[in-house]
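Each remark here refers to the structure printed beneath this line.
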Amino acid sequence: MKKFNIRKVLDGLTAASSSSSAAAPPGTRENDVIQETLQSEHFQLCKTVRHGFPHQPSSMAFDPVQKILAVGTQSGALRLFGRAGVECYCQHESGAAVIQLQFLINEGALVSALADDSIHLWNLRQKLPAILHSLKFNRERITYCHLPFQSKWLYIGTERGNIHIVNVESFTLSGYVIMWNKAIELSTKTHPGPVVHISDNPMDEGKLLIGFECGIVVLWDLKCKKADYRYNYDEAIHSVAWHHEGKQFVCSHSDGTLTTWNVRAPAKPAQTITPHGKQPKDGKKPEPCKPILKVEYKTTRAGDPFMVLSGGLSYDTVGRRACLTVMHGKSTAVLEMDYPIVDFLTLCETPYPNDFQEPYAVVVLLEKDLVVIDLGQIGYPIFENPYPLTIHESPVTCCEYFADCPAELIPALYSVGSRQKRQGYSKKEWPISGGNWGQGTQSYPEIIITGHADGSIKFWDASALMLQVLYKLKTAKVFERARGKEEKPSTDIVEEDPFAIQTLSWCPESRMLCVAGVSAHVIIYRFSKQEVTTEVVQLLEVRMQCELSDVESPDPGGEQTPTLPTPGASSSPQESEPPSQPSTGSNSSDGPRDNIPCLQVRSSPLKQSPGYQVELVVQLVWVSGEPPQQITSLAVNSSYGLVVFGNSNGLAVVDYLQNTLLLNMGTTELYSPSDPYQRQPRSPRKTRQPSGALCDSNDGSNASEDRCKSPTSARMSRKISSPTEQKPDLDAKDNSFSRSRSSSVTSIDRESREAISAFHFCESFPRKTDGLVSPSLLVGTTQGSVLLVALSLPPGGDQRLQQPVGISSCGTLVRLKGGVLTMALLDAAGALLPPSYESWYDPNASDEEKEKSRRRRPASPPSSQEGQDSQYAVVCSEKQAKVVAMPSQTCIKHNITESSFVLRADVVQMGGTNCIACFCANGHIMTLSLPSLRPLLDVNYLPLTDMRIARTFCFSNLGQALYLTSPTEIQRITYSQETCDNLQEMLSELFTPVETPEAPNRGFFKGLFGGGAQSLDREDLFGETAAGKASRSLAQHIPGPGGMEGMKGAASGVVGELARARIALDERGQKLGELEERTAAMMASADSFSKHAHDMMLKYKDKKWYQL
């Protein structure tokens, strides 16, 4: 166990010598020692689960016995779904698109065909599916695959029009090949095109139906190796479907027609229909329609058959959404979809193709959704989807992860979210119901919050490796919506998605939520279980500007007020005049826009459902033609009743209990006059972006960056600048340069400005001389400064609502390379000191209930004895991490990265203690111990390929982390060795032992007269003895990696793939043994016959014929 004496280390370091990394020597005095229990062996990085809709889906398959759905994507991913909570993700190494999937029904295996002309056999009998075999075609392109039910021979159609046959047990090619020139008529002069369909006759396995793209369909006799019938049609074929009796089949064509053919009448179709074509009165052919991409033909015992098709709409329906058409008897239902259709499957009661199909649902895979339609109810309602596939309903703009949060939160959010559910779903159970949940030992609650481009916020229950939406909050309801393009306000600072969520701050204990949007607005929400109607939304407008005059001479005085929508609201501490009415900013064409917010808060009463309800809206306004800067950092503290936010202009502190603006100042004003790090305005240099942006933030101007010094504080005398009352002498000062600068210079200057990048509320020592902790605010900037702000809070109760909150800047605490990303506080024992909070109470409850629950969390502030540090501030930037002893303000540091920069850093709890977790732009994930900053983990995990990952990556407690791996999917990972070890138990099982349904009864007469299904011994036809060996150059066999890692899962299955292979070998060996015995018996018999014949020959050799 590593022991770390931080006091001894820090006492021995001066401000000048602390620039070198300090290794932590073991402590000598036992009472000074902080024992660090985390070691490198406690960390391991691995992916756990992937949630959300498969990005860019390309194919789909369903196992009707196991009731498992598989979806393949254009990036080679495979997603498998069972009952709610049963999901699995795997990936083909090549990354080629999955063009087709085929289940080995009820075998726990799946065949995938890829666009790189490879086929793979997946073992689904283990929790993490693995590839058992692969076959890579070298000379031909794969276009279609077909695996008959309960067959081990897979038919593969190619672009050249040939059909090859693969044994799925050994993944070897048969020597049996159906060549295109043998299948079509010899008189045909042109190539028939690629194979687009293969299926065997439901009633005769020896007859194979082959569809070529050009419109030719061939019924091939496998035994006789010849074509029985050929069916010709002028239009290209897209799909073919059989009637279960095997006497008819239907083809869908590129001109929007469906042709029905009798098997024994190849001359012309028995019926030709154009489902969406307009029928001309003069008997001519209907107008051509769009291609029918797929058709399925499903029969029922009791009524008319179902014909389900996608596409086929008439060409005059321009702009109409994609449709699925369900034809049943004389009725035709056209079901509009929200997105284009990728594929669909009709779910049937039986897996046998030669029985009545009895369809009960249609699974429709769309480009961005999965819809299941109930065929058994009038109107074809859809099933309520239990999977978390709506992550991308609006693009995700930010993400936060809270592991081990209060237990009562999930039920509370679920109870208010359950009222938001849509009505009109099918009353039946979700039909994709296979698999079993994992037996996870993880019992702590986990919540994921996603912010979206349309201003919505979703709360997700992420406990036990599952994901379920709990509650959705629409922040855009607070604002007026533009009714048309001509009414679109010209004050927008973003062209689209003006309500998009930029960042959020959530206090799980008090349930306070604070949201910052891209239109420079902040909304503060409280959680209530009761519905309420807000007559007027509380509004505070803030004028944030950063000008030269602000730095040189702060406004000395003047009675100014924040803008409040209602008179009589509590006033700011510096105010002496009553609050003014809302401003009517100037937006005329002859002058610059001034005092105008980007969005218009709604003026009509706002009905607020149970859940999160608006407490206060804060908006930044335009200043002299300059738009407000987007908010880069945000924090809320329920115990203090304060919200603080910052941008490239500075920071503002809002008291949401009094609805007042307490502080609004530029970043440079936070530095005290004697501060060595004070930044005077200067010419623009290298562009600085807020933390999280992809730029290298090492600016090289850090000569004194490690001097950990805090000057004495200077009490703020600056007044709040109000949007309504501007002092006339502001413009008269030496400010003309600032006003007359061109917009391009202004924008460059704005980019190079020091922005606020992080906040942390805490109870700490704002000054070196302090002996007791007091409410404080740590402020981090993009230039690497950490500044301390002291907060003076009035007593609780009514005094808190009437007396002002005092704020004073205490100068710089520490300076780092790169922008500050995160800050935290440890106590003398190295335990995390979370910000104080107020327990949740319902704001709409009675006063008695409020008083019962409104008890501030009891805090035991550690006092500092003379010469002893009792707290440690932890700060992490884009380049470094530092631990600063408080109040002495001595520090140690660790350089995290030189060549790259940190995108996300969090101080997290793990294994009963704490560490810093970092994600770098070069893809490395690292953890550092606290407080000694020892490297514990450094894994090159994920090279940054997309800004989405940088924007959404976040760490949480107990070794959990996540990011958006695609626009539609969340990838969860763990960096905990314990979670990795238990992952097998926690994951869900896809395969469950289920008996295959009995085959349909042939009936007495069919059995007597041979009218039932004809079986075929495919082994005799396709085996090596009959068909010979295939050409070695045609395809290459690749053993899968599922060998050893798949053994655990395969062993737990009823019959693993290896066991099945062994059984097959045993059976074959047994047959060979029997054959050998019979051969031996025949040879013995032959020997005996030969001996007798020889004896007879000798006996009669010398005798004449008449002596016989």
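Can you name every residue in the stretch 617-631 that is at pLDDT 95 or above and either outside any strand (DSSP E or B) or open to solvent by 10 Å² or more (accessible area, probe 1.4 Å) (or both)? The one that is at pLDDT 95 or above and either outside any strand (DSSP E or B) or open to solvent by 10 Å² or more (accessible area, probe 1.4 Å) (or both): Ile631. Being at negative phi, open to solvent by 30 Å² or more (accessible area, probe 1.4 Å) and either assigned to a strand (DSSP E or B) or modelled with pLDDT under 95 (or both) is a description that applies to Leu13. Selection over the stretch 891-909 of residues that are surrounded by fewer than 23 Cβ atoms within 10 Å (Cβ to Cβ) and more than 17 Å from Ala758 (Cβ to Cβ) gives a count of 7. In the stretch 929-987, the residue that is modelled with the highest pLDDT out of those that are polar (S, T, N, Q), surrounded by 22 or more Cβ atoms within 10 Å (Cβ to Cβ) and part of a loop (DSSP other than H, G, I, E, B) is Thr968.
In this structure, does Leu634 turn out to be open to solvent by 10 Å² or more (accessible area, probe 1.4 Å), touching a Cys at 6+ places or on another chain (Cβ under 7 Å), of a type outside the set (Val, Ile, Thr) and under 27 Å from Pro843 (Cα atoms)? So Leu634 fits the description; yes. Within the stretch 178-204, the set of residues being over 42 Å from the mean Cα position of the chain (by Cα) and open to solvent by less than 50 Å² (accessible area, probe 1.4 Å) comprises Ile178, Ala183, Ile184, Thr188, Pro192, Asn201, Met203, Asp204. Of all residues in the stretch 274-285, exactly one satisfies the criterion of being open to solvent by less than 60 Å² (accessible area, probe 1.4 Å) and free of Cβ contacts under 8 Å to residues at least 24 places away in the same chain, namely Pro280. Among the residues of the stretch 232-274, the one identified as over 19 Å from Lys207 (Cβ atoms) and basic (Lys, Arg) is Lys268. Criterion applied to Pro386, Pro445, Pro406 was being within 27 Å of Cys954 (Cα to Cα), in contact with a Leu (Cβ under 7 Å, 6 or more places away or on another chain) and open to solvent by 20 Å² or more (accessible area, probe 1.4 Å), and the one residue passing it is Pro445. Residue pairs whose Cβ atoms lie under 6 Å apart, sitting 6 or more positions apart in sequence or on different chains, and linking a residue in the stretch 400-413 that is modelled with pLDDT of 95 or more to a partner that is among the aromatic types (Phe, Trp, Tyr) and open to solvent by less than 20 Å² (accessible area, probe 1.4 Å), are Leu413/Phe459; Leu413/Tyr471.
Of all residues in the stretch 781-815, those that are farther than 14 Å from Pro766 by Cα and outside any loop (DSSP other than H, G, I, E, B) total 8. Evaluate the stretch 318-326: report whether one residue or more is touching a residue at least 40 places away in the same chain (Cβ under 8 Å), out of contact with any Gly (no Cβ under 9 Å at 6 or more places or on another chain), open to solvent by 50 Å² or more (accessible area, probe 1.4 Å) and assigned to a strand (DSSP E or B). No, there is no match, as no residue in the stretch 318-326 is touching a residue at least 40 places away in the same chain (Cβ under 8 Å), out of contact with any Gly (no Cβ under 9 Å at 6 or more places or on another chain), open to solvent by 50 Å² or more (accessible area, probe 1.4 Å) and assigned to a strand (DSSP E or B). Among the residues here, Ser174 does not qualify as open to solvent by 10 Å² or more (accessible area, probe 1.4 Å) and of a type in the set (Gly, Ala, Ser).
Tell me, which residue of the stretch 334-351 that is in a loop (DSSP other than H, G, I, E, B) and within 27 Å of Arg301 (Cβ to Cβ) is most open to solvent (accessible area, probe 1.4 Å)? My answer is Glu349.
Looking for something open to solvent by less than 10 Å² (accessible area, probe 1.4 Å), aliphatic (A, V, I, L, M), in a loop (DSSP other than H, G, I, E, B) and at pLDDT below 95 - is there at least one such residue anywhere in the stretch 245-266? No: the stretch 245-266 contains no residue that is open to solvent by less than 10 Å² (accessible area, probe 1.4 Å), aliphatic (A, V, I, L, M), in a loop (DSSP other than H, G, I, E, B) and at pLDDT below 95. Among the residues making up the stretch 123-150, those that are assigned to a strand (DSSP E or B) and in contact (Cβ under 8 Å) with a residue 60 or more places away in the chain are Asn123, Ala130, Ile131, Leu132, His133, Ser134, Leu135, Lys136, Phe137. Taking only the stretch 358-417 into account, find how many residues are of a type in the set (A, V, I, L, M, F, W, C) and over 27 Å from Ser59 (Cα atoms). Matching residues across the stretch 358-417 total 12.
For the stretch 191-205, the set of residues classified as more than 13 Å from His244 (Cα to Cα) and in a strand (DSSP E or B) consists of Val195, Val196, His197, Ile198, listed by residue number. Cβ-Cβ contacts under 9 Å between residues 6 or more apart (or on different chains), taken from a first residue in the stretch 253-273 that is without any contact (Cβ under 8 Å) to a residue 60 or more places away in the chain and closer than 16 Å to Ser314 by Cα to a second residue that is surrounded by fewer than 16 Cβ atoms within 10 Å (Cβ to Cβ) and among the aromatic types (Phe, Trp, Tyr), are listed as Gly256/Tyr315.
Figure legend. Inter-residue proximity from the stretch 622-650: first residues of a type in the set (Asp, Glu), second residues open to solvent by 10 Å² or more (accessible area, probe 1.4 Å), beta-carbon distance below 7 Å, spacing 6+ or different chains. Indicated pairs: Glu626/Thr746.
Among the listed residues Glu408, Glu400, Glu429, identify the single one that is closer than 30 Å to Gln66 by Cβ and acidic (Asp, Glu). Result: Glu429 is the single residue among Glu408, Glu400, Glu429 that is closer than 30 Å to Gln66 by Cβ and acidic (Asp, Glu).
Listed by first and then second residue, the pairs with beta-carbon distance under 8 Å, at least 6 apart or on different chains, first residue in the stretch 188-213 and free of Cβ contacts under 8 Å to residues at least 60 places away in the same chain, second of a type in the set (S, T, N, Q) and open to solvent by 30 Å² or more (accessible area, probe 1.4 Å), are Pro194/Thr143; Val195/Thr143; Val196/Thr143. Of the candidates Val601, Val614, the single residue that is within 26 Å of Ala412 (Cβ to Cβ) and modelled with pLDDT of 90 or more is Val614. Could you list, ordered by first residue, the pairs with Cβ atoms under 7 Å in which the first is in the stretch 863-889 and at pLDDT 95 or above and the second is among the charged types (D, E, K, R), at least 6 apart or interchain? Listed by first residue and then by second, the contacts come to Val875/Lys882; Ser877/Lys817; Lys879/Lys817; Gln880/Lys817; Gln880/Lys893; Ala881/Lys893; Lys882/Lys893. Taking the listed residues Ser40, Ser75, the one that is at pLDDT 55 or above, polar (S, T, N, Q), open to solvent by 20 Å² or more (accessible area, probe 1.4 Å) and under 21 Å from the mean Cα position of the chain (by Cα) is Ser75, with no other qualifying. For the stretch 360-370, a residue qualifies if it is open to solvent by 20 Å² or more (accessible area, probe 1.4 Å) and part of a strand (DSSP E or B), and exactly one does: Tyr360. Taking the criterion of being in a strand (DSSP E or B), open to solvent by less than 10 Å² (accessible area, probe 1.4 Å) and of a type in the set (A, V, I, L, M), the residues of the stretch 206-228 that qualify are Leu208, Leu209, Ile210, Val217, Val218, Leu219.
Which members of the stretch 811-836 meet the condition of being over 32 Å from the mean Cα position of the chain (by Cα) and either basic (Lys, Arg) or under 23 Å from Lys879 (Cβ atoms) (or both)? Residues satisfying the conditions are Gly811, Thr812, Leu813, Val814, Arg815, Leu816, Lys817, Leu826.
The values are calculated or read from the model by the stated rules, or taken from the named source; none is laboratory data. Given the structure is predicted, the values throughout are model-derived calculations rather than measurements. No Cβ is skipped: glycine too gets one built from the backbone with ideal geometry, and neighbour counts run over all protein chains shown. Quick note on the areas: whole protein, heavy atoms, side chains included, nothing else; ligands and nucleic acids left out. Shrake-Rupley method; radii C 1.70, N 1.55, O 1.52, S 1.80 Å.
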